[in-house]
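Shown next, in structure tokens, is the structure this report addresses.
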Amino acid sequence: MPRILIAGCGYIGQAAADLFHAAGWVVEGWTRSTESAASLSAKPYPVREVDVSQADQVAEYGPAAAGFDEVVHCASSSGGDAEMYRKVYLDGARNLLETFRRSKLLFTSSTSVYAQRDGSWVTEESDAKPMRETSRVLLETERLVLADSGVVARLAGIYGPGRSALLKKFLNNAAMIDPENDRFVNQVHRDDIAAALFLLVTRKAEGAQIYNVVDDQPILQSECYRWLAQRLNRPLPPIGRSTQKRKRGDSNKRVSNAKLRRSGWTPQYPTFAEAMEKSVLPSFADVIPDLSC
């Protein structure tokens, strides 16, 4: 049976690990948190406490885990700064490549490496010249992985059960509609990311490939808030000039998933509305008492 290491068994990694295990793969997960490892102890595959940014910890498990056919580097920086990005992503990738020389590495990057601001469509061939240092670290990590014939999956904004930045802002009255600075939001459901990772690993694609992982319908942020207001029967957010810093910078683009779709990927949640109705809103029912899904 094929063997895979999920280096970063968090929100995305756990869903991917479950998918590979269900398909008959021998799976091992790593997480840098003692608490996370303990909470995943009931999984039908081992989850070890290993910090990929620490070369000695990765090397410690190298001999025992050298038989992995595939390694997925999907560890999270937990919203850290550029220094944390460099440790988790760049140092992590370097440590994994050094330890698992015979394994193929897939790295989960981000569509934040695209800095386009004119609302244009971007593909894997578009310029990636990020303005933020965190995104520049991601791009540097991509180059390291691609130079070793690895695969890069550029993830759009992640949402799913219990997780949606837009919904949380809306519910916490922190949302604002800025007509002069509206922008397209590119998102993808957690389960569709896991399915994409499974496809990219199992189809044995030639290395040094980049794939955008995003749903079918980029949507203006204002439209997201209008949909939520209508669906939840709540007032629209105030209209004004937003001063909040955006996690993914000041870019404004529409990210294409055409390449990934041509590879055989079909998202279970192709649009914001479908994902909200079928998966996200039901998971927030405890904080939305009047929700009827």
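Computed from the coordinates by the stated procedures, all read-outs in this text should not be read as laboratory data. Just so you know, these numbers come straight off a predicted model, no measurement behind them. We place every Cβ from the backbone using ideal geometry, glycine too, and count neighbours over all the protein chains shown.
Segment 79-116 and segment 250-280 have Cα centres separated by 23 Å.
In whole angstrom, segment 92-175 maps to an equivalent ellipsoid with semi-axes of 29, 18, 11, each derived as √(5λ) from the alpha carbon gyration tensor and ordered largest first. Each of Arg262 and Lys168 was given a label point 7 Å from its Cα along the Cα-to-Cβ line. The distance between the two points is 3.6 nm. Stokes-Einstein diffusion for the chain, with the hydrodynamic radius set to the Kirkwood value over Cα pairs and evaluated at 4 °C in a medium of 1.567 mPa s, equals 66 µm²/s. Shape annotation for segment 78-122: C-alpha extents along the principal axes are 42, 24, 13 Å, from largest to smallest.
Model label points for Asp118 and Lys204, set 7 angstrom from Cα along the Cα-to-Cβ axis, are 4.3 nm apart. Remind me, relative contact order of segment 159-293 in percent, using alpha carbon pairs under 8 angstrom and six or more residues apart? Relative CO of segment 159-293 lands at 40 percent. Its Cα centre serving as origin, the chain has a Cβ charge dipole (Lys and Arg +1, Asp and Glu -1) of approximately 400 debye. Within straight-line reach of Lys104, meaning a Cα separation under 16 Å, sit the following lysines at least 8 residues removed in sequence or on another chain: Lys204.
Taking every DSSP beta bridge with both residues inside the chain, roughly what % is antiparallel (nearest 5)? That works out to approximately 10 percent antiparallel. Taking the charge dipole of the chain about its Cα centre, with +1 at Lys and Arg Cβ atoms and -1 at Asp and Glu Cβ atoms, the residue from Leu166, Val26, Ser279 reaching farthest to the positive side is Leu166. Straight-line reach from Lys129: taking Cα to Cα under 22 Å and skipping same-chain neighbours fewer than 8 places apart, the lysines in range are Lys87, Lys245, Lys247, Lys253, Lys259. Put simply, the Cα atoms of segment 1-113 extend 37, 28, 27 Å along their principal axes, the longest span coming first. Normalised by residue count, segment 114-272 yields a Cα convex hull volume of 115 Å³ per residue.
Under the convention that each Lys and Arg Cβ holds +1 and each Asp and Glu Cβ holds -1, the size of the dipole of segment 61-184 around its Cα centre is about 300 debye.
With a ≥ b ≥ c taken as the square roots of the eigenvalues of the C-alpha gyration tensor of segment 1-57, please select rounded if a/c is under 1.5 and otherwise prolate if a/b is larger than b/c or oblate if it is not? It comes out prolate by the Cα gyration axes.
Computed on the chain, with alpha-carbon pairs under 8 angstrom and 6+ residues apart, the relative contact order is 18 percent.
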